[in-house]
Amino acid sequence: MYEILAPSPDGQVLLRPLDSSGQRTGPDTTVVPSELPALVARRESAHKPRWVWRKAADWYPRLLATGVPLLRCHDLTLCGTVLTHSAYTAAFTSSLPDADSATDPSGILPPAGPPKGQGSLFDEGESVQGPSADELEAELVAQLGAISASDHPGRLRLLCAADSAGALIAAEMQAAGMPWDAVAHEALLADQLGPRPRGFERPARLEEKASELRDRLGAPQLNPDSPQELMRALHRAGIEARTTRAWELREFRHPAIPPLLEYKKLARLFAANGWAWLDSWVRDGRFRPEYVVAGVVTGRWASRGGGALQIPKQVRSAARALPGHKLVVADASQLEPRVLAALARDDAMAAAAQDADLYAGIAAAGFGGDRAKAKVALLGAIYGATTGESGRLMPQLARLYPRAVAFVEQAARDGERGLTVTTHLGRSSPPPSERWQRLQRSTSAEEQRRADAASRDRGRFTRNFVVQGTAAEWAECWLAELRLRLRRLAGHGLRAELVYFLHDEVMIHAQEEAAAACVEAVQEAATAAKRLLFGDAPVQFPVSIAVVDSYDQAK
DNA sequence: GTCAGGTGCGCG
DNA sequence: AAAGCGCGCACCTGAC
């Protein structure tokens, strides 16, 4: 059921079949790299092994480029990271070099940069380096043993499977790319910024706003991109702002404020998602960011290049389905509070969450129907708000849902004391830094004050970690279950591919005829994910789904 | 010239 | 320091 894929010393590639406990079940096979795709394709269609590799990036992008999608894998680096830190596994340490550093395996990966044409094939040199098959086999056996001996083998098995599926999906989504209409994007830029500037000057509309701003501040030399210059100019004009943030400037009534806010908005569009962004990141009608599975401490995905997880609403109209296709965009409604209800086994909160609108349900149960209050209170509990309206509402929330509130409070207390906390499936938070621990031992009054502040900061982090991290687990399982269903649809001639994933949101690019089936698949996957994590606990995870032509039409 | 750190703003 | 969590990226700034 397992099949190791590893470089062999002679520059060839070695395949080694193992059973479910990691025992060898047959002889090794060695092939030259150019014959690997055909061999892997044969093994895949024969018995769909779980491919074992150091990391998906070693093999999968190039297998995909030669048209060999795989069903499942065990990514030793991702699983090694989880198991090395998990509180469920007492004393496991991965022997792989980048598995015990919390996240970023940088230094090994090539530096971030625009996508390098679709992966060179195996026979063009650039062979995979790294641990041998023997070393990978030993690591696999150690990981499987650590899981079996852990406090929660089922949960850790699921987490490893989810991260591993994530590794496959990340590569598949990068290969597919999000359909991006560069012409529509350019039209939108021209509309808001003016024609594309030739050299390095500002676009016309941006320059207009800048000179209007200079006039109204009486600062003819001002560079509005310099916070220091801008701050001085604002003060000279009698605007006593403490920062140059847009939300703060909005409070002042002065003729310079409107052009300044417009300048900031347009400057952001120009710098972050302007013509340079299009040139760097959009090729052949696709936006192809690199996804980094579990790149965030909590287990959320990160991305490298192109700001893939921060596509502003402003430009989403350029993400367009091809003719004859639709975008199926789905997001999990109020995922984090629902996860909290399940984690804390707070049946009262789960009951309120039967409502498709969780905040409305909670408002009806205890906030006099005031949805805004219920939302602020709940988010405050998850994020650790202590002051303001949210802090004041906490006692009320604690009376309504003592179990849920006690659960996040416990996570906060643990963090403040320097303990680690752990998600439902077993991802543990990093231990406090050396610096943090030293600060806690300090004695002077001033240092004590700073130590208390650092302690509270860490409490807010661990409080949020358990909820955000478990939500990321639900979302990754949802994504993996969805992928399985889309593969099944493909078997019936309905083509649909995952093209985007953003924490609690997915996008499918589907043939029009497949859209309805995709909607059903998204629903079923959400139900399946809930069952995988929380069994038959009485908590609902509704998803809202839109079938649209462009991303801006969703929501 | 390069680099780290701060600021600001986009997303969930 | 927007009320609180998690990020990536562009740009400016001061240090080297």
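Which whole-number percent is the relative contact order of chain A (Cα, under 8 Å, 6+ apart)?
Normalised by residue count, the contact order of chain A is 15 percent.
Working only with C-alpha atoms, what are the Rg and Dmax values of the range A:140-202, expressed in angstrom?
Cα only, the range A:140-202: 23.5, 64 Å (Rg, Dmax).
Taking all protein chains in place and a 1.4 Å probe, what share, in percent, of the accessible surface of chain A do carbon and sulfur account for?
Exposed carbon and sulfur together represent 52 percent of the surface.
Could you derive backbone 3J(HN,Hα) for the range A:25-33 from the dihedral phi with the Karplus parameters 6.51, -1.76 and 1.60 (θ = phi - 60°), listing whole Hz in sequence and x where the residue is Gly or Pro?
10, x, x, 5, 10, 10, 9, 6, x
Hey, what's the range A:374-487 come to in accessible area per residue, 1.4 Å probe, Å²?
Using a 1.4 Å probe on heavy atoms only, each residue of the range A:374-487 averages 45 Å².
Cβ neighbours within 10 Å, averaged per peptide: list A:58-69, A:249-260, A:24-35 in order, most packed at the top.
So the peptides A:58-69, A:249-260, A:24-35, ranked by packing, come out A:58-69, A:249-260, A:24-35.
Hey, can you rank A:326-337, A:374-385, A:46-57 by average C-beta count inside 10 Å, highest first?
Descending mean neighbour count gives A:326-337, A:374-385, A:46-57.
Please give the per residue accessible area of the range A:182-279, computed with a probe of 1.4 Å over protein heavy atoms only, in Å².
59 Å²
Calculate for chain A the 222 nm mean residue ellipticity that helices alone would give, adding -39,500 (n - 2.57) per DSSP H run of length 4 or more and normalising by residue count, nearest 500 deg cm²/dmol.
-16000 deg cm²/dmol
Output wanted: per-residue J couplings in Hz (rounded whole) for the range A:347-360, from phi through Karplus 6.51 cos²θ - 1.76 cosθ + 1.60, θ = phi - 60°, x for Gly and Pro.
5, 5, 5, 4, 5, 5, 7, 5, 4, 4, 9, 4, 5, 5
So if I place +1 on the C-beta of Lys and Arg and -1 on the C-beta of Asp and Glu, and nothing else carries charge, what would the dipole magnitude of chain A be about its Cα centre? I want it in debye, nearest 20.
Dipole magnitude for chain A comes out near 1420 debye.
What would the Debye formula give as log10 I(q)/I(0) at q = 0.12, 0.20 Å⁻¹ for the alpha-carbon point model of the range A:188-346, no solvent?
Those come out to -0.76, -1.23, one per q.
Beta carbons within 10 angstrom, averaged per residue: use that to sort the peptides A:150-159, A:449-458, highest first.
A:150-159, A:449-458
Take chain A, drop everything but the C-alpha atoms, weight them equally and run the Debye formula without solvent; then report log10 I(q)/I(0) at 0.06, 0.11 Å⁻¹ to two decimals.
Log10 of I(q)/I(0), two decimals: -0.36, -1.18.
Please work out the Kirkwood hydrodynamic radius for the range A:376-417, using every pair of different C-alpha atoms, and report it in angstroms with one decimal place.
Across the range A:376-417, the inverse of the average 1/r is 10.2 Å.
Hey, if you drop one equal point scatterer on each alpha-carbon of the range A:182-279 and run the Debye formula without solvent, what base-10 log of I(q)/I(0) do you get at q = 0.13, 0.25 Å⁻¹?
The computed values of log10 I(q)/I(0) come out as -0.47, -1.29.
Give the span of the range A:418-555's Cα atoms along each principal axis, as three whole-Å numbers ordered largest to smallest.
Answer, in whole Å and largest first: 70, 35, 24 Å.
Tell me, for chain A, which Cys residues have no other cysteine's C-beta sitting closer than 4.7 Å.
A:Cys73, A:Cys477, A:Cys518 - these cysteines have no disulfide-compatible partner (Cβ-Cβ under 4.7 Å) in chain A.
Once you order the gyration tensor axes a ≥ b ≥ c over the Cα atoms, which shape class does the range A:428-500 get: rounded for a/c under 1.5, otherwise prolate or oblate by comparing a/b with b/c?
prolate
The values are calculated or read from the model by the stated rules, or taken from the named source; none is laboratory data. These figures come from a predicted structure and were not determined experimentally. Cβ sites come from the backbone with ideal geometry, for glycine too, and all protein chains shown count toward neighbours. With ligands, DNA and RNA removed, areas are computed over all heavy atoms of the protein, side chains included. Shrake-Rupley method; radii C 1.70, N 1.55, O 1.52, S 1.80 Å.
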